Structure formats: structure tokens, C-alpha cells
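Notes follow the structure.
The values are calculated or read from the model by the stated rules, or taken from the named source; none is laboratory data. None of these values were measured; they are calculated from a predicted model. Only protein heavy atoms, including side chains, enter the accessible area calculation; ligands, DNA and RNA are left aside. Shrake-Rupley method; radii C 1.70, N 1.55, O 1.52, S 1.80 Å.
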Amino acid sequence: MSNFKQFKIKRELWIQSLNGKDRNSIMSQIYRMIWNTAVFKVVNEGIKLASVNEKGDKKLNGMVFNLFGDLYFENQFIAIRRVVDGYYSLEHNKKGVCSLISLLDNMIQNISLLTRENYFKVEGLEYDYEIVRKRYIKYEQEQRKGKNGVTVFTIPDELDYHRILERHKEFDKLTNKNENNRTPDDCVKKEIFIKLKKNVIDATNKIKTYVEKYVAHAATMQSRLLINAHKISIKVRDIWSAQETICKVANFLDIYLLSRGSHFFLPVSQYNNFRYIENALVIHNDMEKIKRVWSEYEKETQSWNNLTIEEILKN
């Protein structure tokens with residue numbers, strides 16, 4: 001199999017892993033994470049604006065908003081941990097995962113495929129921009145002759161030599177070359193991926209450790225003490241800082257090394273997402289129904305304490 005054919009196969013895998021339609025693609029994970037944060041910010045602002053009683057306490061139900069806060073934080077902890085999961089590889093047959101770390105690792109493993117020539121081929125760009133520039137000049141001259149000197153005319157994409165020149169300049173930076181020593185075999189520097197990976201790990205490592213000890217696993221006290229997990233304190237700004245780094249690295253990969261697309265991370269709502277937000281959850285006349293739900297569930301849970309030895313030992 002040719003080097004270019006291998007590159008096309010791997011590139012398609014990387015694009016699908018990062019930006020495919022699958023719900024587990026990296027961008028799909030990021031979109032859900034950022035959307036939920038936007039909702040949290042809106043609700044949190046609503047809490048700040050809520051009226052207070054004579055003691056200065058917010059006139060909001062603590063039970064509901066404590067649950068909302070707990071769910072948001074655990075949701076974000078798990079989402080961040082999932083999108084940077086590096087335990088399994090991208091191409092593990094049974095346990096492959098879509099994550100930024102697994103994607104970066106796979107690109108590092110195939111670094112020899114990331115050549116200037118391969119990228120120009122797969123993006124449909126002429127390697128020698130001087131050839132295209134000459135075609136452009138000829139086209140421009142023909143247009144002026146045919147239009148009696150009119151200077152306004154459309155330039156076909158295939159004659160846009162500036163695009164080729166800019167891509168060469170980008171690759172000069174990615175390969176640590178310049179216009180005087182660039183070659184088709186110039187390869188993207190491994191250090192770029194190493195730095196991107198380090199940025200992701202540094203921004204998320206505290207959250208990842210917390211999740212593994214308190215959220216994904218109920219770690220024993222001894223296990224937590226071994227790494228001083230009890231001293232880990234996660235603040236909202238830690239979550240949002242981790243999100244920022246994840247988004248920046250994902251966008252960098254897509255712009256410069258994958259589909260060439262740039263992303264806006266907060267999805268555009270397909271409906272009026274503020275509809276009915278001003279309404280109370282429960283009106284006064286329905287309070288008895290709400291209390292009844294609590295009471296009935298309480299009785300149900302109380303019935304769970306009567307498992308007998310006889311029941312365990314019967315057929």
C-alpha cells in the first residue's frame with residue numbers, strides 16, 4: 001500500500017473520530033459539554049436574580065437547585081474525563097475510544113504519513129504555486145482583453161495561487177522549514193503533538209484524578225490517601241479552563257491537519273430554548289400532589305429493608 005493511500009485511510013479515521021456524525025465523536029462530546037455549561041450559566045444567573053426572604057435567603061427550593069448543581073458538576077467531570085481518555089487506543093479492536101488523547105497518540109504513531117506532499121494531494125492543491133500563478137496571469141490577461149479592459153471578473157478556485165502559498169507557509173511552521181529548504185517529504189514535527197497532548201493533560205489532570213477517585217469509582221480511603229486525593233479541590237473555573245483547552249486543541253487539529261474546518265462550540269438552538277423559563281415549576285394548587293410523590297417513594301424505599309435469609313436461600 002502506498003504512503004499516500006495509507007495517509008488517506010488514516011486521515012479519514014481521524015476526521016471521523018474528531019468531527020464525525022457519531023454521537024461519540026470528539027466534537028459531539030464537546031458540543032454536549034458546552035451546551036450544558038451554557039444552560040448552567042443561564043440558570044445560575046437566574047439564581048442570582050431570584051428574590052430573597054426576610055432573612056436574605058433566596059426564595060428558591062434548595063432541594064431542586066442542589067440537585068441541579070450536583071448533576072452539572074458530575075456531568076462535566078465525566079464529560080471532561082471521557083474526552084481525554086487515553087487508556088485505550090483509537091484503533092483498539094474491542095475497546096477503542098474517541099478522545100483527544102487517543103487521537104493525538106494515533107497521529108503521533110503515524111507521524112511519517114503527515115508530509116507536505118500528502119496534504120497537498122489530499123486537499124487537491126497544486127504543489128508548485130508558481131505554475132498556478134502563471135495560469136492565473138494568463139487567465140487575467142484573457143479576461144481583460146475579452147472585456148475591453150474591465151477589471152472586475154471572477155477567479156476560479158483552481159487559479160487561486162494565494163491559497164497554495166498560504167498552505168505552504170502553514171506547513172513551513174508545522175515542519176520547521178522555510179521557502180528556501182521546503183521539500184515534498186517535509187513531515188509535521190512530532191513536538192507539536194507532544195505539546196498539544198501536554199496542554200490537554202495539564203488542563204484536565206486534576207479533574208481526571210478526582211473523577212477516578214470520587215465519581216467513576218468509589219475509591220477506598222487508603223486509595224485516596226496514596227495520591228492525596230482528599231486535597232483536590234475543583235472549582236468552576238477549573239472546569240471552564242479545561243473546556244477552553246480541549247476546544248482549542250480540537251479546533252487546531254481540524255484547521256491545520258484534518259478537515260480544515262473551524263468550529264463554533266456552542267450549538268445553535270433549533271428551538272426557543274428560553275420558552276417558559278420564567279414559569280414556576282409547580283403552582284400552589286398542585287403542592288399536595290408533589291408531596292404525595294415524595295411520600296410514596298419514601299414508603300417504597302422503606303420496603304427494601306426486609307430481605308430475609310429464607311428469600312436468599314430459596315430456589
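Once the mean of 1/r is taken over each pair of separate Cα atoms and inverted, segment 189-315 shows a Kirkwood hydrodynamic radius of 20.9 Å.
Taken one residue at a time, the phi angles of segment 231-242 give Karplus couplings (6.51, -1.76, 1.60, θ = phi - 60°) of 8, 6, 10, 9, 10, 4, 5, 5, 5, 5, 5, 5 Hz. Gly and Pro are set to x. The lysines within cross-link reach of residue 48, meaning a Cα-to-Cα straight distance under 26 Å and a gap of 8 or more places when in the same chain, are 58, 59, 235. Partner aspartates and glutamates whose Cα lies under 14 Å from the Cα of residue 5, excluding those fewer than 8 positions away in the same chain, are identified as 117, 123. In vacuum, with every alpha carbon of the chain counted as one equal point scatterer, what does the Debye formula give for log10 I(q)/I(0) at q = 0.15 Å⁻¹? Two decimals, please. Log-scaled intensity ratios, in q order: -1.25. Taking the chain as a Gaussian network of alpha-carbon nodes connected by springs under 10 Å, the highest mean-square fluctuation of the residues 194, 26, 207 belongs to 194. Taking θ as phi - 60° and the Karplus parameters 6.51, -1.76 and 1.60, the scalar couplings of segment 167-178 work out to 5, 4, 5, 4, 5, 4, 6, 5, 10, 6, 10, 9 Hz in sequence order, x denoting glycine and proline. For the options 260, 237, 32, a Gaussian network treatment of the chain with springs between C-alpha atoms closer than 10 Å singles out 237 as fluctuating the most. Residues 92, 168, sorted by accessible area with the largest first, give 92, 168 [1.4 Å probe; ligands and nucleic acids excluded].
Residue 230 sits with roughly 100 Å² accessible to a 1.4 Å probe, with DNA, RNA and ligands left out of the calculation. Just checking the listed ones, 258, 125, 90: in the Gaussian network model of the chain with Cα springs under 10 Å, the one fluctuating most is 125. Shown are 140, 300, whose ranking by accessible area with a 1.4 Å probe and every protein chain present, most to least, is 300, 140. Based on the Stokes-Einstein relation at 10 °C and a viscosity of 1.306 mPa s, and on the Kirkwood radius from alpha carbon pairs, segment 22-119 is assigned a translational diffusion coefficient of 95 µm²/s.
The P(r) of segment 117-204 has a tail past 17 Å containing 61 percent of all C-alpha pairs.
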